[in-house]
Amino acid sequence: MKIIMLGAPGAGKGTQAKMLADKYEIPHISTGDIFRANIKNETELGKKAKEYMDKGLLVPDELTCNLVVDRIQQEDCKKGYILDGFPRTIPQAEALDKALTELNDKIDYAINVEVPDENIVGRMSGRRACVGCGATYHIVYNPTKEEGICDRCGKELILRDDDKPETVQKRLNVYHEQTQPLIDFYKNKGVLKEVDGTVDMNDVFNAIVKVLES
Ligand code: AP5
Ligand code: MG
């Protein structure tokens, strides 16, 4: 099963992708997590990506597309995968399409998690992210058992640098300009499914599973 998670920053793509990856035992591939890991390890890619991410801008397509196209050809992706945060521009979607066509493959579902902008800023300010496995929590909606420590891997939780309210607003603007057009792109391909992302995260999950298994 090959799935793309669509949705605004903070819609819950990462939260749902992790739950789906556990259920279906397929990899969760988040370009945001890959960039953050590179920033933490101070790689060349990380240094370049950080310049854009800290401003709430998208990392250029040429730094992003090859990375994902290589990743989805690895052995653990044979059964399927969940792409979270990629594609997020039309050129990225076209590059993915081209690569998949060459591999004689296709995306099965693009799941759009719908959350209005008004709900987003509150979610972001309460978010905590794991530096180890990328799991996301929320201090109110999804707290960890032990404060500041990841339930999944025991590593430390941090506030993301790009979760400041002014950067979140910029990310939302960028989303509406550059990423929202992908909804129509995947609708035209007949693979788009929409779920309400404003309800409890377990209800969002059940709605997605229903879509995938219907
Ligand atoms: P990325 O890491 O992908 O960030 P994003 O798309 O802005 O999305 P987020 O990770 O902020 O939100 P999410 O939808 O995953 O929500 P989450 O599950 O955490 O990208 C970061 C940056 O990297 C970009 O700005 C860009 O610079 C760069 N980048 C990445 N990919 C790129 C690409 N392809 N091309 C170019 N640049 C790229 O949930 C949010 C919070 O809400 C959490 O606290 C969570 O616990 C809580 N929550 C989740 N669901 C619910 C619910 N149902 N009810 C209540 N709270 C909930
Ligand atoms: Mg995320």
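None of the figures in this text is laboratory data; all of them are computed from the coordinates on show. No experiment lies behind these values; they were computed from the predicted model shown. Heads up, the Cβs are rebuilt from the backbone with ideal geometry, glycines too, and the neighbour counts pull from every protein chain shown.
Structural remarks
- Subset tally (residues that are surrounded by fewer than 21 Cβ atoms within 10 Å (Cβ to Cβ) and out of contact with any strand residue (DSSP E or B) (no Cβ under 6 Å at 6 or more places or on another chain)) for the range 6-32: 5
- When the range 10-44 is limited to residues that are within 10 Å of ligand 1 (Cβ to nearest atom) and outside any helix (DSSP H, G or I), the one that is nearest to Leu159 (Cα to Cα) turns out to be Gly10.
- Residues that are surrounded by 16 or more Cβ atoms within 10 Å (Cβ to Cβ) and over 17 Å from Lys50 (Cα atoms), drawn from the range 150-168: Cys150, Leu157
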